[in-house]
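The block underneath contains the structure these notes are about, expressed in structure tokens.
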Amino acid sequence: MTTIDEFNKIIEIMYDEGYVLVHLSDIAKIVKTADGASQMTFQPIYLPKGKTPFVLSVDDVSYYEYMLNTGFATKLVIGEDGKITCEKAIYEGAANNLKRDENGAPIVQSVEYGAFDVVPLLDAFVEAHPDFSYHGAKGTIALTGYNGVLGYRTSDIAYGAGDPNWPGAYEYLNVNLEADKAEAKRVADAMKAEGWKFASHTWGHMDMSTVVTSSGNELNGKIQGDRFKRDTEWWMREVSPIIGPTDIIIFAFGADIGTWRTYNYFGENEAFMYLKSLGFDYYCNVDSSKHHWVQLSATEGGDGYLRMARRNLDGQLMFKTMVYEKFYTEDQKKQKNILSDLFDPKVVFDRTRPLPVPGVVYPEGADLYSIFN
Ligand SMILES: [Zn+2]
């Protein structure tokens, strides 16, 4: 994650350096060929010289249960001015011990509204800098389903009838389930009108690489067990009706269903063919080891796909970058996933973050605060 302050700085730097928001569908889309077939085809993007198109995506805009009372926003709502804003509710009790009503729902103590997350922050930035957006493009929001969407507890499995096949939590009975679905749809529609798109992030934040098989040490996408299809069906049933049809899947954990080779390189990749049959044409993983990575297949699965690696501009990678820049040699730096080719994390990193950022290796005994010098 990034803090609000970090996000604003990153966007400002990217704008100053000539980056422009586009959608995946601006890069390539499925078009009819002369012989009447259709295939995924790169599209021209018309930008002034010196501009660089980029795709912004944000995962898990669900305001998960675990995030309540920890300083995060709790919901996206339509403000009085018709614009999308954030609701930040404070609940009774501590984050790990919320007080609950007779149905098990957390009890709201107070509510405030404001730009506490990416959507209203970016909307405001593009309003002030319209040339930051190509044809009105904003970001793509990748949603799971197990805690509902956009802060609305819309899942029947977690908040309604339940499902014996869901190994996660049955959260509580949401007595406003149907009203919340309708309200979430209203918000999603308003976001789409503002240039946002939606993607699947799997229903249960599932690591899809673990439910397909490998040949040697390369994933070949043969579906293993029934979790893969069940999760996908749940997403189609619970999330798709709210956000509308989408052709984008942004894998949870960045965990792809194949290697860097095209999906059907080892014969038919079952997982890909299944997702493709449901209308998924754009596939995104995570890879920060290169400036960018895009793969287009014009015909696989019928009319092909576009695949793009994403770079995670989060606290971990910023901290890791500073650690490597401070303590590691040029040679070591070359092999690591760092983001110094994009911006200087020393300028962006929120100094109120506690150090070290978890999950990053650094030299034993190092003076961590020296990374800022
Ligand atoms: Zn995620």
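The values are calculated or read from the model by the stated rules, or taken from the named source; none is laboratory data. Note that this is a predicted model, so its numbers are computed, not measured. Heads up, the Cβs are rebuilt from the backbone with ideal geometry, glycines too, and the neighbour counts pull from every protein chain shown.
Do we find a residue being part of a helix (DSSP H, G or I), under 23 Å from Ala252 (Cβ atoms) and more than 16 Å from the ligand (Cβ to nearest atom) anywhere in region 165-176? Among the residues of region 165-176, not one is part of a helix (DSSP H, G or I), under 23 Å from Ala252 (Cβ atoms) and more than 16 Å from the ligand (Cβ to nearest atom), which makes the answer no.
The residue that is nearest to the ligand (Cβ to nearest atom), counting only those in region 272-292 that are more than 21 Å from Gln39 (Cβ to Cβ) and of a type outside the set (Asp, Glu), is Val286.
Summed over region 45-69, residues that are away from the ligand (no atom under 13 Å from the Cβ) and of a type in the set (D, E, K, R) total 3. Number of residues in region 1-43 that are more than 22 Å from Val61 (Cα to Cα), aromatic (Phe, Trp, Tyr) and in a helix (DSSP H, G or I) equals 1. In region 157-200, the residue that is farthest from Thr74 (Cα to Cα) out of those that are crowded, with 17+ Cβ neighbours inside 10 Å and among the polar types (S, T, N, Q) is Ser200. Here region 178-199 is the region considered, the condition is being assigned to a loop (DSSP other than H, G, I, E, B) and not hydrophobic (A, V, I, L, M, F, W, C), and the residue that is nearest to Arg307 (Cα to Cα) is Gly195. Filtered by the rule that a residue be assigned to a loop (DSSP other than H, G, I, E, B) and not β-branched (Val, Ile, Thr), region 94-118 gives Ala95, Asn96, Lys99, Asp101, Glu102, Asn103, Gly104, Ala105, Ala115, Phe116, Asp117. For region 246-269, the tally of residues that are in a helix (DSSP H, G or I) and away from the ligand (no atom under 16 Å from the Cβ) stands at 4.
Annotation note: of Val126, Val119, Val149, the sole residue that is at pLDDT 95 or above, buried (at least 17 other Cβ atoms within 10 Å of the Cβ), within 16 Å of the ligand (Cβ to nearest atom) and under 22 Å from Val187 (Cα atoms) is Val149.
Each residue in region 230-243 was checked for being without any contact (Cβ under 8 Å) to a residue 60 or more places away in the chain and in contact with a strand residue (DSSP E or B) (Cβ under 7 Å, 6 or more places away or on another chain), and 0 of them qualify. Among the criteria (1) more than 14 Å from Leu306 (Cα to Cα); (2) surrounded by fewer than 17 Cβ atoms within 10 Å (Cβ to Cβ), the one Trp293 does not fulfil is (1).
When Phe72 is tested against (1) assigned to a strand (DSSP E or B); (2) within 18 Å of Arg153 (Cα to Cα), exactly one condition is not met: (1).
Among the numbered conditions (1) modelled with pLDDT of 95 or more; (2) closer than 19 Å to Gly145 by Cα; (3) surrounded by fewer than 21 Cβ atoms within 10 Å (Cβ to Cβ), the only one that Met206 does not meet is (3). When Leu339 is tested against (1) surrounded by fewer than 17 Cβ atoms within 10 Å (Cβ to Cβ); (2) in a loop (DSSP other than H, G, I, E, B), exactly one condition is not met: (1).
If you take the residues of region 216-253 that are surrounded by 13 or more Cβ atoms within 10 Å (Cβ to Cβ) and polar (S, T, N, Q), which of them is farthest from Gly301 (Cα to Cα)? It comes out as Ser240. Pairs are defined by a Cβ separation below 8 Å, a sequence spacing of at least 6 or placement on different chains, a first member in region 43-69 that is touching a residue at least 40 places away in the same chain (Cβ under 8 Å) and more than 22 Å from Tyr305 (Cβ to Cβ), and a second member that is more than 15 Å from the ligand (Cβ to nearest atom) and among the aromatic types (Phe, Trp, Tyr); the pairs so defined are Leu47/Tyr134. Contact annotation: residue pairs with Cβ atoms under 7 Å, 6 or more positions apart or on different chains, pairing a residue in region 333-358 that is modelled with pLDDT under 90 with a partner that is assigned to a loop (DSSP other than H, G, I, E, B) and not acidic (Asp, Glu), are Asn337/Ser288; Asn337/Ser289; Leu339/Ser288; Leu339/Arg311; Leu339/Leu313; Asp341/His291. When Arg307 is tested against (1) within 30 Å of Lys29 (Cβ to Cβ); (2) outside any strand (DSSP E or B); (3) charged (D, E, K, R), only condition (2) is not met.
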